[in-house]
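Structure record follows, encoded as structure tokens.
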Amino acid sequence: MTNSRTLRIALSLAIAQLAYAPLLSQAAPFFQYRTSVATLKASDSSSPLPGSPSSGALKANTSADFGSVSVGGSATRTFTFTNQGGLAATGVKASISGTGLSIVAPTSCGTANGPGSTVASGNSCSITVQYSPTAAGPLSGAELVVTSSAANGPNKLSLTGSAVEAPRVVATGGQILTPGDGYRYHVFTRATSGSGTFQITANPAAVSMDVLMVGGGGKGGQGVQGSLNPGGGGAGAVVTYSGVLPHSQGPYSITVGSGSQGTCSNGDTTWLFGAGLSFEAKGGGSGAGNGCGTPGNGGSGGGGYGSGNGTVRAGGLGTAGQGFAGGSGQGHGYGGGGGGAGGPGQAGSLAATASGVGGLGVYLPKFKVTASNGWFAGGGAGGDCTARAGGSGIGGASSAGAGSPGAAHTGSGGGAGCAVGYAEGGNGGHGIVIVRYPY
């Protein structure tokens, strides 16, 4: 009797389950999270929606971690939302909150400002989130929220992570400057012995560095009483490099070229070499004048002299890719300007009764840590015993007396001397090497 009753109860339950099964296939849609690093599954279910015989749902206390990300860097995670219900989910929209977080391409789910997307039963949409921190510290209170018609919406995903300071380069050599612009500078000049080594000692991986090398400037020409006004000195060459300097084969040897201080002599070349890299920035050419009828050829050419007997003397040639030619001297005593790294020296002019001004220097805002405020390698002015300007305010000027020297540590050419009294030309400015990197 007891066994017969038990059989009837079990049969009744089986029939009831079969009668209810068709309703389950029409269940409202619901989402399951799946991330690129882990599958987040539901741990329980919520109450059914009104009018729905059954609806699955996920708990909202799921999370994803970006891990440690360097300040100034970024990391991305892609989250996939799958509709495991029996109906399409409509009006699917994603929004993000949290400092440094943004939704980026590729993203196939709708976003907060758009019309929303539709995800059919069994289909998925994805959302890519990028974390780009600007300051060190934990990522907290961040959340990815997806709203839709799904039974268990809105779906929320808590996002965590930590922003850490990027590894800093540690290096030695030269005068080290940290002006607060996010970079550290190593400055090598003739005032700090003229030679040295740059050595990276820690955290060198893939850190791009900017390097500036300027050769020494050429000396301005010396005047000859009553017959000849000389040319200005040419500027040293400017060479720049941006890229990774591997430290494993260091150190890097540096020699800073001196500006010319002797009559008819060019400035010296600046060198940097090591770890398979070798750079040279040639010194500037001397201006033509007393004792040297031909202007020097260098990084930039020296200016030609102007002769009282009508002779025209061409300026010196600059080295291709490193500087410009000096200006020609004109008859009746108008010397040419020395070439600059940014442009040629101006020719002396009989019509304008004026000598040539010095060639333009170059402006490099990456290296505004010296007294020249980012200007380098201007040409020296040609002579005519009046005041003429050197290139870009850093090349040596000429006057009724001796020429002015090129600005210190810029590789600028010296100004020409006046013919009256055999006035000396100005010395060339010494070269410089600057290495900078993020800090």
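Okay, here's what the table says:
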| read-out | value |
| --- | --- |
| Relative contact order computed over the range 388-439 (Cα-Cα under 8 Å; 6+ residues apart), in percent | 30 percent |
| Gyration tensor (alpha-carbon) shape descriptor, the range 399-439, a/c threshold 1.5 | prolate |
| Geometric extent, Cα atoms of the range 282-439 - Rg, Dmax (angstrom) | 14.5, 60 |
| Reachable aspartates and glutamates, given that their alpha-carbon falls under 19 Å from the alpha-carbon of Lys219 and they are not under 8 places away in the same chain | Asp268, Asp384, Glu424 |
| Where labels lie 7 Å past Cα in the beta-carbon direction, separation of Ala352 and Ala136 in nm | 5.7 nm |
| Solvent-accessible area of Lys368 with every protein chain in place, 1.4 Å probe, in Å² to the nearest 10 | 90 Å² |
| Peptides ranked, highest mean first, by Cβ atoms within 10 Å: ranges 316-326, 79-89 | 316-326, 79-89 |
| Computed over the range 327-439: relative contact order in percent, which uses C-alpha pairs under 8 Å that are six or more apart | 18 percent |
| Label point 7 Å beyond Cα of Ser126 along Cβ direction - residues of the range 145-175 with amide nitrogen under 12 Å | none |
| Three-way shape call for the range 359-402 based on the alpha-carbon gyration tensor, with the a/c threshold at 1.5 | prolate |
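The values are calculated or read from the model by the stated rules, or taken from the named source; none is laboratory data. Here the structure is a predicted model, which is why all the values come from computation and not from measurement. Here Cβ is always computed from backbone atoms with ideal geometry, including for glycine, and neighbour counts include all displayed protein chains. Quick note on the areas: whole protein, heavy atoms, side chains included, nothing else; ligands and nucleic acids left out. Shrake-Rupley method; radii C 1.70, N 1.55, O 1.52, S 1.80 Å.
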